[in-house]
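For reference, the structure discussed in these notes is given below.
Throughout, read-outs are computed from the coordinates displayed, never taken from laboratory work. Everything quoted here is computed from the prediction, not taken from an experiment. Because the Cβ atoms are built from the backbone with ideal geometry, glycine has one as well, and the counts that use them run over all protein chains shown.
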Amino acid sequence: MMLYLILVVPTIFLGMWAQSKVMGAYKKWSKVGNRRGMTGYDAARIVMERAGIHDVEIVPIRGQLSDHYDPTSKRLALSEQNYHGRSLAAVGIAAHEAGHAIQHATGYSMLKLRMGLVPVTTFASKMLPFVLLGGIFFHMTGLITLGVLAYLVLTIFQLVTLPVEFDASKRAKAQLVNGGILYDEEMEGVNDTLDSAAWTYVAAFIASLANLIYLFLLSRD
Ligand SMILES: [Zn+2]
């Protein structure tokens, strides 16, 4: 119990901190319009066109910050607020997702690795609740070992996600200025939004790693 308090609980707070940071940045910069009046849709389209990508569909979807690029269907999904929005946050996030499309089109190695890890990661996260329930509450040693393996998979996945996310933001920032979508002085809003979002991925990795270490130490008792 003591071990859990020291190792895992702080990472829960770190995750909450990162989440509130990204919500705060989004709230702030989704109110600031960009000077050229570009929508998130415009930004994603321009960034992809400049990279020679013409076979990715851009669609609006429900939900807040539900934006993502789906490599299997080559679909760039933007939350309605970012699809239609003309804020710095909207174009920043849209350009970030376009950054993932560029990674996919150019065969960026870390994205390939991440995509390859998706099936095993999905399996690990689905079995995790049962493994933890049996392992920790009923002290079934075999299940704890299985839990260690599951968290190992999740931690590796979160680790590979980091360069993928940082790289997508880097590509987005470069394209927004070079592509004439934003002025230099508008980049502060984009940097704040995307850098805050990056913290949530760092927090997720640290949380996963803490759980892995915790279960590993538990399995040795
Ligand atoms: Zn991303």
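Summary table below
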{"read-out": "Nitroxide proxy distance, nm - points 7 Å out along Cα→Cβ at LYS74 and MET140", "value": "4.5"}
{"read-out": "Karplus (6.51, -1.76, 1.60) ³J(HN,Hα), θ = phi - 60°, over the stretch 181-190, in Hz, Gly and Pro reported as x", "value": "7, 10, 7, 3, 6, 8, 5, 4, x, 5"}
{"read-out": "Highest-MSF residue in the chain out of LEU154, LEU209, LEU132 [GNM, Cα springs under 10 Å]", "value": "LEU132"}
{"read-out": "Neighbour-count ranking [beta-carbon atoms within 10 angstrom, fewest first] of ILE46, ILE12", "value": "ILE12, ILE46"}
{"read-out": "Fraction of the pair-distance distribution of the chain above 25 Å, Cα-Cα pairs, percent", "value": "45"}
{"read-out": "For the stretch 163-221 and the stretch 37-60, distance of Cα centres in Å", "value": "22"}
{"read-out": "Computed E for ARG36/LEU152 - FRET, C-beta separation, R0 45 angstrom, nearest 0.05", "value": "0.45"}
{"read-out": "Choice from GLN81, GLN158, GLN64 showing the highest fluctuation, given a GNM over the chain with Cα pairs closer than 10 Å", "value": "GLN64"}
{"read-out": "CD proxy at 222 nm, helix term only [per DSSP H run n ≥ 4: -39500 (n - 2.57); per residue of the chain; nearest 500]", "value": "-24500 deg cm²/dmol"}
{"read-out": "Calculated FRET efficiency for the pair SER109/PHE216, C-beta based, R₀ 35 Å, to 0.05", "value": "0.75"}
{"read-out": "Separation in nanometres of the label points that stand 7 Å from Cα toward Cβ, at LYS170 and MET127", "value": "3.6"}
{"read-out": "Sorted by Cβ density within 10 Å, fewest first, the residues ARG171, ARG50, ARG220", "value": "ARG220, ARG50, ARG171"}
{"read-out": "Top of LEU176, LEU65, LEU88 by mean-square fluctuation, Gaussian network on the chain, Cα under 10 Å", "value": "LEU65"}
{"read-out": "Along each principal axis, Cα extent of the stretch 126-180, largest first, Å", "value": "60, 14, 12"}
{"read-out": "Anchor LYS31: lysines whose Cα lies under 24 Å away (excluding residues fewer than 8 positions away in-chain)", "value": "LYS21, LYS170, LYS173"}
{"read-out": "Fewest-first ranking of VAL32, VAL91, using other Cβ atoms within 10 Å as the exposure measure", "value": "VAL32, VAL91"}
{"read-out": "q = 0.18, 0.20 Å⁻¹, the stretch 79-189: log10 I(q)/I(0) [Debye, one scatterer per Cα]", "value": "-0.88, -0.98"}
